[in-house]
Structures are given as C-alpha cells and as structure tokens.
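Data first, discussion second: the structure below is written as structure tokens.
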Amino acid sequence: MSVASQPNKTPDTSGAAKKTSKDGGIGELIKIIVHALIIALVVRTALFQPFNIPSGSLIPTLLVGDYVMVSKYSYGWSRYSVPVISGILPSGRLWAGEGPKRGDIAVFKLPKDNSTDFIKRVIGLPGDRIQMRQGRLFINGTMVQREQAGTYLVKDEFGRDKQVPKYIETLPNGVKHEVIEIQGDTGYYDNTDEYVVPPGNYFMMGDNRDNSDDSRDLAAVGYVPLDNFVGKGQIIFFSVADDASPLAFWQWPWTVRGSRLFSLIR
C-alpha cells in the first residue's frame, strides 16, 4: 500500500520577521535620539553655552538682542561653569590654563550671589591697579591709548536719538576695542579712586562706559574671582532688533541683523 507523499511545510515566519524588523527600527531610533541628547547635554554642559544679551552695557561690541556662544573650556571648568561638578570640585578650576586674558569678553557669575550671569570685558588682571581719570582708563599708572572713532547713535533716557563719542582703546597687550561715552568724559564712573585687583581676581568693565554695572561699583559687582568665570564669548550666532522677539520668525526679514550673524566677538 502506497502512502501519498506529503508536501514539505516550512513555518510561515514572514510576519515575525516583519515584526522583529519593525521593533529593531524603533529601538535604533530611540538609541539615536538618546545618543543625540547625551551629546547635546555634554556640549551644553561642558563645552559651549548660548547666552542672549539683555542690556546695552557692552555697546557697541554687543547689542541688546544679540545671541552669543560662550566656550566653557577656554578657562577650564569650575563649580559655577559646570554645576554638575559642584559636589566634586568645591573650589578651584580644572585645567584653567592661563586664565582670562585682558580684553576678553567673558561671562561670569555675579560674586555677590554666585548665580546671576554677567557679561563684561576683562580689563584688570590679578595685582593690577585700575583707575578712571576724566574718562580715561589707567592701568598700572599708564593711560590706555584712545583714538577718536567718530560717533555712535544711541537712545537717550527719553527714547530720542543721540550721537555720542566713540573711541578705539588699545589695551597694554595690543587688544583693540570700541567704547562709547554717553556722558562724555564726565560720567559717574569717569573719575574713580584707584582699584587694586586682589590675587586670583579680575576687574571687569563694559564698553558702554557710562551705562554699565561693573567692577567699578564694588558693592554691586566688584572684583570677580577666577572660580566665577563661566566662559569666553566667541561668536554672535544670532541677532534681532532689541524690540523684536526672536521667536517671531515671520518678522525675521525685517528684524534679524544679518550683518551680525556669525561674527567673531572682539
């Protein structure tokens, strides 16, 4: 008696294969997103951090509405620049290198509360003697070179346009930068006592000399310890008119300051 042969049957795994492939694709996507978030967190925490400029204390170098990228690694890391290491590093900096240089634009934590972010220019180094006399900056008894550079248009306290003197200062290390004097050379902080910068501290000033809360006001800002530095301003990556919202993208053709995008901070 012959037995009819049965056709070979193989399990139908097409559905399982499709399901596995789909699950694998979702898993890979999640891994990519997690890795991207980790990289972004590391970059934001330890390497670069964006800041916006809310005041005019650094006009004409930085304007209200500028968005700047600050490099945290330039001065090493401290408990204030990378808060996640605050429990590991109670004081001091990791890989501080040479530290801030005269003329740098730097972000720092306000010494009186160690939390408010300020951005100013480094003018005095540890041990320096700093003084303003009739609007002129003196460092270690020598008057800093200043050249007339025309005028600069600002708004006065009533919102009216006003042309004010603009100068180019040349610091002792050769760094050149622009400053403005809204009140000429007779502003409140245009004549000061001599400041002696303590060891491990820095003297910070705004380029808008008559409209800047800075180290000249010892009660409000004063000397800035090295630990308080967050990083060095490197580039303006975005800029909108000071009365415009950066989120109003439909207004960008009129509000974005195109000439300032991706310009280096000097």
key: Kirkwood Rh in Å, taken over the stretch 62-154 so that all alpha-carbon pairs contribute   = 16.0 Å
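How big is the Kirkwood radius of the stretch 110-266, worked out from every pair of different alpha carbons and given in Å to one decimal?
Taking every pair of different Cα atoms in the stretch 110-266, averaging 1/r and inverting gives 17.3 Å.
Considering only Cα-Cα distances, which of the following residue pairs are longer than 19 Å: 101/176; 72/112; 120/155?
As for pairs spanning more than 19 Å Cα to Cα, those are 72/112; 120/155.
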request  = Run the 1.4 Å probe and let me know the accessible area of residue 160, rounded to the nearest 10 Å².
outcome  = 140 Å²
FRET efficiency for residue 188 and residue 115, using Cβ-Cβ distance with R0 set to 22 Å, rounded to 0.05 = 0.25
key: Surrounding net charge for residue 240, when Lys and Arg each add one and Asp and Glu each subtract one, Cβ distance under 15 Å   = -1
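The values are calculated or read from the model by the stated rules, or taken from the named source; none is laboratory data. No experiment lies behind these values; they were computed from the predicted model shown. For neighbour counting, all protein chains shown are included, and Cβ atoms are generated from backbone atoms with ideal geometry for every residue, glycine included. To get the accessible areas, we keep the full protein, side chains included, count just its heavy atoms, and leave off ligands, DNA and RNA. Shrake-Rupley method; radii C 1.70, N 1.55, O 1.52, S 1.80 Å.
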